[in-house]
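Comments concern the structure below.
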Amino acid sequence: MQRPGKTGGMRHVALFVEDLAACEFFYVHLLGMDVEWRPDDNNVYLTSGNDNLALHQADTKPASSEQQRLDHIGFIIPTMDEVAVSYTHLRAHETEADL
């Protein structure tokens with residue numbers, strides 16, 4: 001199976017954090033990011049242009065060893081058809097990635 005084309009890069013990273021307010025302060029006031037979206041009191045999406053950093057309040061404080069801090073990383077893929085091709089390709093190779 002041939003590998004799909006390259007992604008357009010990373011679009012966003014999502015993290016679980018222990019102190020949402022402190023993390024938002026750091027990224028907004030110290031690094032200059034802007035709040036892009038706040039769907040509720042436990043989540044905030046920040047941007048510095050064409051990227052996105054999603055901060056999600058961790059369920060427990062401190063986050064348990066069962067809950068990793070990285071929620072997910074999003075990549076830019078030009079079309080939904082290419083997303084489907086990439087998904088099929090990755091699923092076909094998922095046992096190779098189990099390290």
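The values are calculated or read from the model by the stated rules, or taken from the named source; none is laboratory data. Values in this document were obtained by computation on a predicted structure and should not be read as measured data. Cβ sites come from the backbone with ideal geometry, for glycine too, and all protein chains shown count toward neighbours. Accessible surface areas use protein heavy atoms only, side chains included; no ligands, DNA or RNA. Shrake-Rupley method; radii C 1.70, N 1.55, O 1.52, S 1.80 Å.
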Out of the residues in the stretch 10-38 meeting the condition of being within 26 Å of A84 (Cβ to Cβ) and surrounded by 15 or more Cβ atoms within 10 Å (Cβ to Cβ), tell me which one is farthest from the chain's Cα centre (by Cα). H12
Residues that are at pLDDT 85 or above: find the strands (runs of 3 or more DSSP E) completely inside the chain holding 2 or more of those. 10-17, 34-40, 43-47, 52-57
Of the numbered conditions (1) touching a helix residue (DSSP H, G or I) at 6+ places or on another chain (Cβ under 9 Å); (2) open to solvent by less than 90 Å² (accessible area, probe 1.4 Å); (3) free of Cβ contacts under 8 Å to residues at least 60 places away in the same chain, T7 satisfies every one except a single condition; which is it? (3)
